[in-house]
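Here is the structure we will look at.
The values are calculated or read from the model by the stated rules, or taken from the named source; none is laboratory data. Note that the structure is predicted; figures quoted are calculated from it, not measured. Reconstructed Cβ throughout: ideal geometry from the backbone, glycine too, with neighbour counts over all protein chains shown.
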Amino acid sequence: MIPARPTKVITRHRDGLIHAYVMDAGAFGTLEPAAVFQPRAGDEVVASAVRPDLERVVYTTLNGVVCLTRAGDPVWASAFEPHSDVRHGHRPGCALSLDGRTVWVYRPDAMAKRGNGDQWVVYDADSGVVLARRELETVGHGAGHHVHPVDGSVYLDIGEGQDGSVILRGTAVPGGEPEFVTLPWWDRCLIDLAPDGQQFMTVDHGQADVSFHRHPSGDVLFTLPVEAFGYDPEESFMEWGGGYLTPDTAVVTLGGESEDEEEWFRHHLVDVRTGTVSGGFAVEVTSPYELEPLGDGSWLTDDPDGNPVRWSRAPLPSAPPHPAG
């Protein structure tokens, strides 16, 4: 049985606007935005998060984080000091906590030439007051936030380019500052958290294998190399994509290059209960990273205009015809 999950809201940035889409039970096919937010004049949005009630948006630019109401009124803003004129190579990220009370912001300050290391900052979602600030030793280009669906802890996967990937976890402590833990790897990329919260999935930075880990210890449950999927490791590799289709099933993506030097990629299913490959997963997408499993048996792709399209293998009446899997 797939557990009930908090309302999931995803965002897309198009035409200078932030489009928010709600993943409710009946939303399938090409999704229509449930709300559209207008950033402040002159702001170029890098990342965004919208509250489940659709009344507020938080977004990052290269030089700050901003919170606005649905009507576009400012709630608070916090500038990254000093101002950086570096335009490329650093992408600040943000996420809302599970309870909506805090905003977690990754600042790639080293690449922005603000200092020697990066920062992970926790803000009060209502006031913008800084609740915690973790100085990091990373020199990252960007990072992905993953909010644990049960205990509300927040994972951060920092990409340092050819130098690897660092994974941290922050846990809010009632009445105190969040506690931060750095997981003991520099060579694994966090892909997804299981929807039941019991484990998470990583891919080797060198793209040789995929591993599944127990939450929160990080202990490895099992690892599958490229060979386990029937491919030659000299000619194929793991893509840094995929995720949990359900609590028991993960999608793993492999890629390579044909003899004609044409790039290819294929999706495969893994039974995470047994640690075995359980078959292929045919989905019509244009890149290995377009597929976004949602953990409840459904997944997203993009239409030609960049709108999200939600699919399901189950014969739901509101779902479009689905790809064979």
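So, W185, is that one of a type in the set (A, V, I, L, M, F, W, C) and in a loop (DSSP other than H, G, I, E, B) or not? Please lay out each step first, then the result.
On the way: of a type in the set (A, V, I, L, M, F, W, C): yes; in a loop (DSSP other than H, G, I, E, B): yes.
Here the answer is yes, as W185 does meet what is asked.
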Those residues of region 259-298 which are part of a strand (DSSP E or B) and of a type in the set (G, A, S) amount to S278, G279, G280, S298
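Right, T246: farther than 26 Å from P304 by Cβ and either surrounded by 15 or more Cβ atoms within 10 Å (Cβ to Cβ) or not assigned by TED's automatic domain parsing to the domain that holds V150 (or both) or not?
Values: farther than 26 Å from P304 by Cβ: yes; either surrounded by 15 or more Cβ atoms within 10 Å (Cβ to Cβ) or not assigned by TED's automatic domain parsing to the domain that holds V150 (or both): yes.
Considered against the rule, which asks whether it is farther than 26 Å from P304 by Cβ and either surrounded by 15 or more Cβ atoms within 10 Å (Cβ to Cβ) or not assigned by TED's automatic domain parsing to the domain that holds V150 (or both), T246 comes out as yes.
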Here is a list: T61, T30, T69, T7. Which entry is of a type in the set (S, T, Y) and buried (at least 18 other Cβ atoms within 10 Å of the Cβ)?
T61
Would you check if there is a residue in region 205-222 being at pLDDT below 95, part of a loop (DSSP other than H, G, I, E, B) and either under 21 Å from the mean Cα position of the chain (by Cα) or among the charged types (D, E, K, R) (or both)?
no
Taking region 126-155 as the region of interest, how many residues are farther than 14 Å from P216 by Cβ and surrounded by 22 or more Cβ atoms within 10 Å (Cβ to Cβ)?
4
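Take the residues in region 42-52 that are in a loop (DSSP other than H, G, I, E, B) and touching a residue at least 24 places away in the same chain (Cβ under 8 Å), then tell me which one is nearest to the chain's Cα centre (by Cα).
Restricting attention to region 42-52, the residues satisfying the condition of being in a loop (DSSP other than H, G, I, E, B) are 42-46, 51-52.
From the residues that got through so far, the ones that are touching a residue at least 24 places away in the same chain (Cβ under 8 Å) too are 45-46, 51-52.
Values: V45: 17, V46: 14, R51: 16, P52: 17 Å.
Per the criteria, the residue is V46.
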Candidate set from region 223-249 (those that are more than 12 Å from L291 (Cα to Cα) and of a type in the set (A, V, I, L, M, F, W, C)); member that is nearest to the chain's Cα centre (by Cα)
M238
